[in-house]
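To keep things clear, I will list the structure first and then write my remarks on it.
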Amino acid sequence: MKKKNLISTLQGKGFDKIPIWLMRQAGRSLPEYRNFRKNFSNFMEMCLTPEAICEITLQPIRRYDYDGAIIFSDILVIPYALGMSVSFVENEGPRLGPLNLDLLTFENFDENLSNILVGIQKTKNKLPENVTLIGFVGAPWTLSTYMIGGKTKKNFDDVIQFSLKFPQKYETLMEILTDACIRFLCMQIESGVEAVQIFDSWASFVPDCFFDTWVIKPMEKISNHLKRKYPHIPIICFPKGIEAHIDQLVTLTDINALSFGSSAPIKTIIQAQKTHITQGNLDPNILCLGGEILEKQVIRIQNELLVSQRHIFNLGHGILPDTPLENVDKLFALIRS
Ligand code: CP3
């Protein structure tokens, strides 16, 4: 019996049982999360409290037979650690800024993130041995959209125009963010995470002419650095919606696994399995709806993607907060049957 199903799969050694975890598994879909959340008026404060990090990371693990536990945090702790103001408005989302490049600094970076590292250590001590602890960061492009736009946007015109008007400034920002990602991932690994995922959730919005510089290059730099320093730590990359650029990404970077969004064609994922481990990509709406369509699509993923033993079951994006838990029960019943 493999002790760590997820790690074994990420190393290309296959699995005894289907490896599964879900993006945003720790969060609003769980009543115990919604209840615990009431202890904090401020979401960032919760993200920086070691006991809260540990408790929330473990909540989905107590309920379900997940193979991975993603550390509870947020991608926006990096801008915060660099000295930018970050807050969350109830029912609206994050508010950042204003961005002043001259004020971004690594001076208090480690100190600002130190509680998260304590949270990681606490979680590692309590996590069942067969469950893999996953650390993460947001990729530079995705982080830059929040830092320039100040909040969640429907499009990224302001970010793209910023980069066109102030190319030097944008380049400096991307360099700072690439270094910050490397630094924070190293800190997480030193504290006990056993695999890392890099979320480039808005990668599909990058204009083709900038794809190389804004998506590939930072990923190349981050993954090369990590692989040199920690060759045994698997790197999962989630560049959502960029199927057209997969070849470039797999040849130029040192990632082990690719997480696919729901729009990725099955044949693209199968193709990627030749060189990489794949992850995904059930549409979160299908899990939210449940019923026959859920059954059908889970079986399809089993038959087409999991037979190779080179796939990790996950969603194409985060679990929707209003997903009925009986559907998650059903998902586990299907996966574990
Ligand atoms: O279970 C997990 O996946 C771990 C925790 C996690 C959170 N955010 C917790 C969270 C992870 C991995 C993230 C990543 C994240 N955060 C991303 C990239 C992944 C993705 O989903 O695309 C992004 C873009 C963010 C930024 C962010 N954080 C937004 C836009 C919001 C507000 C909108 C929303 O969905 O609520 C958040 C808040 C947030 N992050 C919550 C949680 C549980 C909800 C906050 C609350 O409880 O009030």
Criterion violated by L117 - all others in (1) at pLDDT below 95; (2) closer than 26 Å to D200 by Cβ satisfied: (1)
Which residue pairs have Cβ atoms closer than 7 Å, lie 6 or more positions apart in sequence or on different chains, and pair a first residue in the range 210-237 that is among the basic types (K, R) with a second residue that is at pLDDT 95 or above? K221/T178; K227/D254; K229/C186
Take the conditions under 21 Å from C186 (Cα atoms) and among the charged types (D, E, K, R) and apply them to D74. Does it pass? yes
Look through D322, D254 and report the one residue that is open to solvent by 30 Å² or more (accessible area, probe 1.4 Å), within 30 Å of K221 (Cβ to Cβ) and in a loop (DSSP other than H, G, I, E, B). D254
With the checklist (1) on the phi > 0 side of the Ramachandran plot; (2) open to solvent by 50 Å² or more (accessible area, probe 1.4 Å) in hand, flag the one item G241 doesn't pass. (2)
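Residues checked against (1) touching a helix residue (DSSP H, G or I) at 6+ places or on another chain (Cβ under 7 Å); (2) closer than 18 Å to I116 by Cα; (3) within 9 Å of the ligand (Cβ to nearest atom); (4) open to solvent by less than 10 Å² (accessible area, probe 1.4 Å):
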residue	(1), (2), (3), (4)
K38	no, no, no, no
T49	yes, yes, no, no
A52	yes, yes, no, yes
E55	yes, yes, no, no
Y64	yes, no, no, no
D74	yes, yes, yes, no
I78	yes, yes, no, yes
G83	yes, yes, no, no
S87	yes, yes, no, no
Filter the range 274-313 down to the residues that are outside any loop (DSSP other than H, G, I, E, B), within 16 Å of the ligand (Cβ to nearest atom), out of contact with any Leu (no Cβ under 6 Å at 6 or more places or on another chain) and not small (G, A, S) and list them by number. Q279, N281, N285, L287, I312, F313
Scanning the range 1-25 for residues that are open to solvent by 10 Å² or more (accessible area, probe 1.4 Å), of a type in the set (A, V, I, L, M) and part of a loop (DSSP other than H, G, I, E, B) gives M1, I18
Evaluate the following for I198: is it touching a Ser or Thr at 6+ places or on another chain (Cβ under 6 Å) and open to solvent by less than 20 Å² (accessible area, probe 1.4 Å)? no
It is to be established whether one or more residues within the range 29-36 are assigned to a helix (DSSP H, G or I), within 13 Å of the ligand (Cβ to nearest atom), closer than 20 Å to Y64 by Cβ and of a type in the set (F, W, Y). yes
Being in a loop (DSSP other than H, G, I, E, B) and either among the basic types (K, R) or within 13 Å of the ligand (Cβ to nearest atom) (or both) is the requirement here; does M44 meet it? no
Filtering the range 264-273 down to residues that are within 20 Å of L331 (Cβ to Cβ) and part of a loop (DSSP other than H, G, I, E, B) yields A264
Restricting attention to the range 102-160, report how many residues are within 16 Å of L173 (Cα to Cα), of a type in the set (A, V, I, L, M) and open to solvent by 20 Å² or more (accessible area, probe 1.4 Å). 4
Residue, most open to solvent (accessible area, probe 1.4 Å), within the range 326-337, restricted to residues that are more than 15 Å from the ligand (Cβ to nearest atom) and among the hydrophobic types (A, V, I, L, M, F, W, C): A333
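The values are calculated or read from the model by the stated rules, or taken from the named source; none is laboratory data. Just so you know, these numbers come straight off a predicted model, no measurement behind them. No Cβ is skipped: glycine too gets one built from the backbone with ideal geometry, and neighbour counts run over all protein chains shown. Calculation scope for accessible area: heavy atoms of the full protein, side chains included, ligands and nucleic acids excluded. Shrake-Rupley method; radii C 1.70, N 1.55, O 1.52, S 1.80 Å.
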